[in-house]
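Let me begin by presenting the structure, written as structure tokens, before commenting on it.
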Amino acid sequence: MAMQKAKRTVESEYAVVGTWEDTNITLTVLEHYIPRYFRNAKVAYYLGEERLSRVNRNNVTRIVSDETRQLLRKNLTNEIEFYEFCKQRLYLQYAALGNGKRFGEDDYLLMPELRGEDSKDDYEY
């Protein structure tokens, strides 16, 4: 019940819900769906990327074990479902921009990367 309400709220109240995981796609969709506020957002982002990349950087990272990943997937099923819903919506919005329009030559960078063989279940297209 709460999940459906959250999904309906995203659909009715938010023009775009993006992710930092897919920065290029998010910025492209924002530029097209809300141009008044996000015109040239990719240019602005990448001009300041060097400065932004140093903010809150964690230089000490550890590999997350498969056991930990499974435990998190088990305990965060609703959160993961909602995140995947928002991500799928973002990809659909991005795909809709391609109908009849041409993108720049660097837009090959916009497609998400698959993270290994078992990641097929992580993406819904």
Is it the case that some residue within the range 74-84 is touching a residue at least 24 places away in the same chain (Cβ under 8 Å), closer than 28 Å to THR9 by Cα, of a type in the set (S, T, N, Q) and surrounded by 11 or more Cβ atoms within 10 Å (Cβ to Cβ)? yes
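Sort out which residues of the range 14-35 are more than 19 Å from ALA96 (Cα to Cα) and not aromatic (Phe, Trp, Tyr), and write them in order of number.
Scanning the range 14-35 gives a single hit, GLU21.
Against the condition closer than 19 Å to LEU97 by Cα and at pLDDT 90 or above, how does THR9 come out, does it pass?
Against the criterion (closer than 19 Å to LEU97 by Cα and at pLDDT 90 or above), THR9 does not qualify.
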One residue is enough: does the range 50-60 have a residue meeting the conditions at pLDDT below 95 and surrounded by 10 or more Cβ atoms within 10 Å (Cβ to Cβ)? yes
Which pairs do you get when a residue that is on the phi > 0 side of the Ramachandran plot and of a type in the set (Val, Ile, Thr), found in the range 5-28, comes within reach of a residue that is part of a helix (DSSP H, G or I) and surrounded by 18 or more Cβ atoms within 10 Å (Cβ to Cβ), reach meaning Cβ atoms under 8 angstrom, with the pair 6+ apart or on two chains? none
Taking the criterion of being closer than 30 Å to GLN4 by Cβ, aliphatic (A, V, I, L, M) and modelled with pLDDT of 55 or more, would at least one residue in the range 64-73 satisfy it? yes
Let me confirm something: among LEU114, LEU30, which residue is modelled with pLDDT under 95 and surrounded by 10 or more Cβ atoms within 10 Å (Cβ to Cβ)? LEU114
Do we find that LEU76 is at pLDDT 90 or above and more than 23 Å from VAL17 (Cα to Cα) in this structure? no
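The values are calculated or read from the model by the stated rules, or taken from the named source; none is laboratory data. If you're wondering where the values come from, they're calculated on a predicted model, not measured in any experiment. With ideal geometry, Cβ positions are generated from the backbone for all residues, glycine too; neighbour counts draw on all protein chains shown.
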